[in-house]
Every structure is written in C-alpha cells, then in structure tokens.
Amino acid sequence: MKTYKLKNKNYEIDMPSLCFGTADFDNINLQEDYFSRLDEYVRCGGNCIDTARVYCSFVENGADVSETVIGNWLAERQNRENMIIATKGGHPPFDDMSSSRLTKEDLDYDLQRSLECLNTDYIDIYFLHRDDKSIPVEEIMPILNEYVIQGKVHFLGASNWSAQRIEEANKYALKAGLEPFRISQINYSLAHTSADMFEDPTLECMDLNQYIWYRDNKFPLMAFSPQAKGFFTRIAEGSSVKNITEGRFVSTANLARLSRVKQYCETTGLSPAVVTLGYLNSQDFPVTSVFTAANLEHIKEDMTAQDLKFDYKTIAFLENAGGII
C-alpha cells in the first residue's frame with residue numbers, strides 16, 4: 001500500500017493511503033458483522049482504523065459502540081501492535097454545537113474513556129474533533145503535549161481545524177518545545193462542498209486557500225467523506241439523489257466532474273469509487289482517505305485503490321480543468 005511517514009522524536013508510523021472508518025458502528029449486537037468488515041480490510045492490506053469518542057452517541061444505545069467494537073476486535077485478534085488507531089475527542093454536545101469541550105477536564109475524560117473502550121493503553125493518533133477559536137492555542141497545546149509525555153498518545157491531530165489555526169498552534173508548540181499537530185482531518189474529495197452546505201459552521205471543508213497551504217507545507221491529511229457520501233458512485237449508476245447528505249455535493253461544478261469520472265471509468269474499467277480514492281492518492285501532499293463500506297465486496301473493491309496514483313493530466317481531466325484521456 002502507498003504510505004507516508006509520521007515521525008516525532010519517540011515514534012514513527014507508516015500511514016497508509018486508505019484508512020477504514022467506523023462512524024456507522026452503532027449497534028453492539030452487530031459486532032460480528034463489524035468484525036468481518038475489519039477483517040476484510042486487514043486481509044486486503046489495511047492497518048489503520050478511524051473512530052471517535054462521539055461516534056453514534058446520537059443513536060439510541062449507540063454511545064461507546066464504535067470504540068468498544070474496535071477494542072473487542074483488537075483483543076480477540078491480538079493485533080494491537082499491527083494496527084494504527086486514530087480517535088477523536090473534544091466534540092461539542094450535538095444539541096449545542098456552539099458549546100466548547102476543550103477544557104482539560106473534558107479532554108482528560110474523553111481520552112481516558114477512549115482508552116478504556118479501545119482496550120489499549122495508547123492512541124496512535126489523537127485528534128481534537130472540533131476547534132474553539134475563542135480559546136488561545138497557548139491553552140490547548142500544553143494539555144495535548146502532556147498526553148504525549150505520558151505515552152497515552154503518540155501523535156497529535158486536528159480535526160475540523162482551519163489551516164490558519166493549525167499553523168498558529170504549531171508555531172507556538174515548536175517555539176515552546178511542545179509536540180505539534182502532525183496531521184489533520186477535514187472534508188475532502190473530488191466533489192467540492194462547504195460547511196454552509198452542511199449547515200454546520202464547525203466543519204472544515206477543503207477549499208482553494210486550504211489546498212494551497214496543505215500543498216505548500218506538505219502537511220499530512222486524513223480526508224473524511226473521500227467518496228462524497230456516494231455522490232459519484234450512485235449517480236454514475238443512474239440513481240437519483242436519495243438523501244440530504246449526498247445531496248449536499250450536488251452542484252454544477254460537481255456534476256461536470258461526475259461526467260468526467262464516468263468517461264474515465266468507461267475508458268479504464270475502474271469504478272467511480274476507486275477513481276475518487278485514486279484522485280486523493282495523487283495529490284502533492286500526503287493524503288489518507290478515511291473510507292467505509294458495509295459490504296465486504298465494496299471493501300475489497302475500494303482497497304484496489306490503495307496503490308493507485310494518477311498523473312497530472314488525469315487529475316486535470318477529472319477536475320474538469322482540461323486534459324484528455
């Protein structure tokens with residue numbers, strides 16, 4: 001699998017191009033089904049799992065399930081040392097997304113609970129799930145640095161933080177001798193969208209200014225919704241937009257890109273799902289796509305993209321910026 005390195009003075013990991021997301025692990029009674037998905041991902045060459053403290057807490061009896069299932073799977077398979085586990089804390093309450101949960105008490109609680117549910121004594125990558133720009137980075141980074149010193153966290157990440165805030169935090173951390181953010185997570189795919197489309201101002205979605213920052217700084221990114229919630233796959237197959245989330249990617253520009261994806265698939269025999277993952281593999285900065293699939297065949301199909309990389313002409317064609325195939 002195509003990889004890139006995350007490294008600090010104590011730890012080093014090879015991040016894969018494809019990470020398995022578990023935001024839909026919401027029913028503990030379906031644990032064996034979730035196990036089979038994780039097994040298939042690993043069988044196809046994967047070794048990175050993404051979760052979060054808040055996942056499925058809005059579903060009845062869903063709280064803790066995603067992390068607990070992963071913890072149970074790690075214990076049963078006895079493969080913790082072979083896996084890269086990423087989780088996230090500090091998410092606001094869903095009924096008040098403007099409320100902050102980045103105090104030391106909130107983050108201490110979230111991290112400890114994640115460690116318990118994941119049945120592990122360390123997290124490979126620990127993300128702050130949301131930002132609160134009213135809190136100075138000088139207050140946040142020392143809290144996170146302590147987790148690294150304690151060995152509970154190996155690498156720090158920022159999820160839904162703007163590039164500007166990440167840069168501000170890292171400048172302070174490096175000047176103060178603290179561990180900086182080494183990786184980010186935002187919404188990124190071949191289809192453009194925005195926080196306004198999702199009606200959630202706490203989300204960060206890739207735009208031109210952020211793209212330039214990631215490219216120029218070669219800053220590693222874990223892209224969530226890398227297949228645009230199935231936008232390319234479903235519409236390419238002739239389906240209509242079926243849900244609000246998928247519909248948030250519908251625009252004139254994205255429909256033009258969809259047309260290019262369909263042409264490319266007809267020429268190459270690749271599926272839209274694989275092409276969209278290959279597109280992210282081909283950026284000028286390190287990208288890991290956090291994908292998910294409920295069907296084992298879909299996992300197998302998606303994982304065929306793990307070493308796929310396009311040349312600049314293909315990228316330009318898919319972006320509807322010119323080029324021919």
Is segment 231-249 home to any residue that is among the acidic types (Asp, Glu), open to solvent by 40 Å² or more (accessible area, probe 1.4 Å) and in a helix (DSSP H, G or I)?
-> no
Which of (1) modelled with pLDDT of 95 or more; (2) surrounded by fewer than 18 Cβ atoms within 10 Å (Cβ to Cβ) does Phe94 not meet, given it meets every other one?
-> (1)
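For the condition at pLDDT 95 or above, under 25 Å from Tyr41 (Cβ atoms) and part of a helix (DSSP H, G or I), what is the one hit in Glu105, Glu116, Glu146? Don't jump to the end; show me each part of the working.
Numbers: Glu105 fails: under 25 Å from Tyr41 (Cβ atoms); Glu146 fails: under 25 Å from Tyr41 (Cβ atoms).
Exactly one residue qualifies, and that residue is Glu116.
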From Ile166, Ile140, Ile149, Ile125, grab the single residue that is closer than 25 Å to Leu74 by Cα, buried (at least 20 other Cβ atoms within 10 Å of the Cβ) and aliphatic (A, V, I, L, M).
-> Ile125
Only one residue in Phe35, Phe25 is more than 24 Å from Asn281 (Cα to Cα), within 16 Å of the chain's Cα centre (by Cα) and not in a strand (DSSP E or B), so which one is that?
-> Phe25
Taking segment 10-22 and keeping residues crowded, with 16+ Cβ neighbours inside 10 Å and assigned to a strand (DSSP E or B) leaves Ile13, Met15, Pro16, Leu18, Cys19, Phe20, Gly21
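So, in segment 78-91, of the ones that are in contact (Cβ under 8 Å) with a residue 12 or more places away in the chain and not in a loop (DSSP other than H, G, I, E, B), which residue ends up surrounded by the most Cβ atoms within 10 Å (Cβ to Cβ)?
Thr87
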Conditions (1) among the hydrophobic types (A, V, I, L, M, F, W, C); (2) in a helix (DSSP H, G or I); (3) surrounded by 13 or more Cβ atoms within 10 Å (Cβ to Cβ) -> Ile183 fails only (2)
Every listed condition ((1) in a helix (DSSP H, G or I); (2) touching a helix residue (DSSP H, G or I) at 6+ places or on another chain (Cβ under 6 Å)) holds for Ala158 save (1)
Looking at (1) free of Cβ contacts under 8 Å to residues at least 60 places away in the same chain; (2) surrounded by fewer than 20 Cβ atoms within 10 Å (Cβ to Cβ), which is the only condition Asn160 fails?
-> (2)
Say whether the condition of being open to solvent by 10 Å² or more (accessible area, probe 1.4 Å) and more than 25 Å from Gln306 (Cα to Cα) is met by at least one residue in segment 46-54.
-> yes
Residues (open to solvent by less than 20 Å² (accessible area, probe 1.4 Å), among the hydrophobic types (A, V, I, L, M, F, W, C) and either under 15 Å from Lys2 (Cα atoms) or in contact with a Leu (Cβ under 9 Å, 6 or more places away or on another chain) (or both)) located in segment 268-309 = Val274, Val275, Leu277, Leu280, Phe285, Val287, Val290, Phe291, Met303, Ala305
Failed condition for Tyr264, given (1) closer than 29 Å to Met1 by Cα; (2) at pLDDT below 95, with all others met?
-> (2)
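Do you know which residues across segment 25-45 are hydroxyl-bearing (Ser, Thr, Tyr) and either buried (at least 16 other Cβ atoms within 10 Å of the Cβ) or closer than 12 Å to Cys117 by Cβ (or both)?
Kept after step one, since they are hydroxyl-bearing (Ser, Thr, Tyr), are these residues of segment 25-45: 34, 36, 41.
Across segment 25-45, the qualifying residues are Tyr34, Tyr41.
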When (1) out of contact with any strand residue (DSSP E or B) (no Cβ under 9 Å at 6 or more places or on another chain); (2) at negative phi are applied to Gly151, the one that fails is (2)
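The values are calculated or read from the model by the stated rules, or taken from the named source; none is laboratory data. Here the structure is a predicted model, which is why all the values come from computation and not from measurement. For neighbour counting, all protein chains shown are included, and Cβ atoms are generated from backbone atoms with ideal geometry for every residue, glycine included. The protein model used for the area step is the full one, side chains on, heavy atoms only, and it has no ligands, DNA or RNA in it. Shrake-Rupley method; radii C 1.70, N 1.55, O 1.52, S 1.80 Å.
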